Amino acid sequence: MSAATVEERLEALEKELQQARDVLAIQNLMGRYTVNWVPKNLNLQADFYALDEPDVSVEVGDRGVFRGAEAVKTLFGKTFSNPVLEGVLLIHYLTSPMVVVASDGKTARGVWRSPGIEAVLPPAGGKPIPMWSFGAYAVDFIKKGTEWKIWHLHWFRQIKCTFEDGWVDDLSMTSASTPPAPELGRTTYHNPYTPDSIQTSIPPCPEPYETWDDPKWSTVERMPADRSTGR
Amino acid sequence: MPEKISSERKQSLVDAVKRLQAYEEIQNNMGRFMAAFNFRQADKVLSHFALNQPDVSLEIADEGVFEGPEVVRQIVGETVGAPVKAGEMLDLQLNTPIVEVARDLKTAKGVWWSPGGGAIPQDEGLPKAIWYFGMVAADFICVDGAWKIWHMHWFRFIKCSYEKGWVEDTSMNNRLNTPVHPLAKPTTYHNPYSPLSIRDGIPAAPRPYETWTDSSWMLERDKSK
């Protein structure tokens, strides 16, 4: 067997192994992100993001798109801040992981379905309200040296309702109580459950890709017949 | 003349494969462990523990730390191995996995979040349906080529009535006011949800590491690490 063939096979193997390790590293990154999602630590969430990327962004339900380092820091340091910590519960499980690393190894895409339980304080004061909060994350990741960072994160909120009333009777939180601030980017997709809604397969499972080039992949429904054969 | 492949490069590849295999085995074993736990299969649960390690341990909510092979055998036998009652159910599931295999490939650390439901038979009437949520953190050790649980801590944060939910019903947050198990060592952490609790982000997510030193990582509050 020629040396070139052995070297080519070794390089291919090393690339495959690195991609597999990258998938696990990304899973662990999202796990750490989720573990840190407690009221007293939310101000640290921006550290998980590629803040050196000018288009780093977070889209949360229909709150608009927070784009750029300062907007992301404002989201976690101010918008999501909780002056009262007692009794607030924010648990967002990560399930059904779908992670694809680009062939060039520089970026990745991930989707997780996320059922969640919460307890939030009513604005007027009083006992916390137990809540259901279900949705999905679709995330672009970018590799910085040997470390993965979140580049664009979109939280597709599907259900947000009281524990007591459930998702058919309580539609009071399907949309944000106030319009997004004018400086934010426009919401790209928001299709929460209601008795009138039609469910879609959005965000889709990310498909294998060579190089990141499609910022809209997470809001395009992919039917089985449309899918490429992939690698 | 073909260029020789360096031994370092070969070893790097072998180690990468072993690390991935370890991750896969640990994930699968935790699935088996949880299924056995749900179905009261005490022997299967015990088969996943490193019972050859003198400090093998299991900490259960606020019941304490059970340390040592015979102690772990006893507590698993008494709890998981208790007789099955009609109408009883526990369905704990695993998600949000965070697993780090040590660079030396001898140990690993893992956290899973675990939502669940249950039903507790009553003396009279129908069983009581409950929500039962927690998180599990564990050290693993490779024993004769098989990954085993070395130290496990079950962090229960919700145990409440299905109807009332976790804000209204905090009656089962803490253990009954009865003597602790004679074999139990003091609980290291128990912070169930209540309207007065502050969430900590514990158990902490394990980070990449070279060689295992201790289990303090589970209670690490410094999230910058």
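Before moving on, here are some points about what is shown:
- Matching residues, region A:92-118, being surrounded by fewer than 18 Cβ atoms within 10 Å (Cβ to Cβ) and more than 17 Å from the chain's Cα centre (by Cα): A:103, A:104, A:105, A:106
- Of the set (1) assigned to a loop (DSSP other than H, G, I, E, B); (2) at the interface with chain B (Cβ under 10 Å from one of its Cβ atoms); (3) at pLDDT 95 or above, all apply to residue A:105 but (2).
- Every residue from region A:119-149 that is in contact with a Leu (Cβ under 7 Å, 6 or more places away or on another chain) and either surrounded by fewer than 19 Cβ atoms within 10 Å (Cβ to Cβ) or within 23 Å of residue A:50 (Cα to Cα) (or both): A:137, A:139, A:148
- Scanning region A:108-121 for residues that are within 12 Å of chain B (Cβ to nearest Cβ) and touching a Pro at 6+ places or on another chain (Cβ under 8 Å), we see that the one that is farthest from residue A:31 (Cα to Cα) is A:121.
- A single member of B:179, B:192 is assigned to a loop (DSSP other than H, G, I, E, B) and modelled with pLDDT under 95, and it is B:179.
- Condition met for residue A:43 (out of contact with any Lys or Arg (no Cβ under 6 Å at 6 or more places or on another chain) and modelled with pLDDT under 95): yes
- Considering (1) in a helix (DSSP H, G or I); (2) surrounded by fewer than 21 Cβ atoms within 10 Å (Cβ to Cβ); (3) touching a strand residue (DSSP E or B) at 6+ places or on another chain (Cβ under 7 Å), the lone condition that residue A:72 does not fulfil carries the number (2).
- Residue in region B:95-111 that is within 14 Å of another protein chain (Cβ to nearest Cβ), surrounded by fewer than 17 Cβ atoms within 10 Å (Cβ to Cβ), within 23 Å of residue B:39 (Cα to Cα) and at pLDDT 95 or above present: no
- Unique residue being within 14 Å of chain B (Cβ to nearest Cβ), among the charged types (D, E, K, R) and outside any helix (DSSP H, G or I) when the list is A:86, A:53, A:14: A:86
- Close pairs (7 angstrom Cβ cut-off, 6 or more residues apart or separate chains): among the small types (Gly, Ala, Ser) in region B:203-225, in a loop (DSSP other than H, G, I, E, B) anywhere: B:204/B:220
- Flag if residue B:148 is in contact (Cβ under 8 Å) with a residue 40 or more places away in the chain, more than 11 Å from chain A (Cβ to nearest Cβ), in a strand (DSSP E or B) and closer than 24 Å to residue B:99 by Cα: yes
- Qualifying position, being surrounded by 15 or more Cβ atoms within 10 Å (Cβ to Cβ), under 15 Å from residue B:111 (Cα atoms) and either within 13 Å of chain A (Cβ to nearest Cβ) or aliphatic (A, V, I, L, M) (or both), among B:206, B:192: B:206
- Single residue of region B:160-182 satisfying the filter (in contact with a strand residue (DSSP E or B) (Cβ under 6 Å, 6 or more places away or on another chain) and touching a residue at least 40 places away in the same chain (Cβ under 8 Å)) that is surrounded by the fewest Cβ atoms within 10 Å (Cβ to Cβ): B:162
- All positions within region A:28-43 that are facing chain B (nearest Cβ under 7 Å) and within 22 Å of residue B:99 (Cβ to Cβ): A:28, A:31, A:32, A:34, A:35, A:36, A:38, A:41
- Lone qualifier among A:59, A:70, A:118 - being free of Cβ contacts under 8 Å to residues at least 40 places away in the same chain, among the charged types (D, E, K, R) and closer than 27 Å to residue B:95 by Cβ: A:118
- Residue within region B:39-61 that is touching a helix residue (DSSP H, G or I) at 6+ places or on another chain (Cβ under 6 Å) and of a type in the set (D, E, K, R) present: yes
- Given (1) more than 10 Å from chain A (Cβ to nearest Cβ); (2) touching a residue at least 24 places away in the same chain (Cβ under 8 Å), number of the condition residue B:23 does not satisfy: (1)
The values are calculated or read from the model by the stated rules, or taken from the named source; none is laboratory data. If you're wondering where the values come from, they're calculated on a predicted model, not measured in any experiment. Don't worry about glycine lacking a Cβ; one is built from the backbone with ideal geometry, like all the others, and counts go over all protein chains shown.
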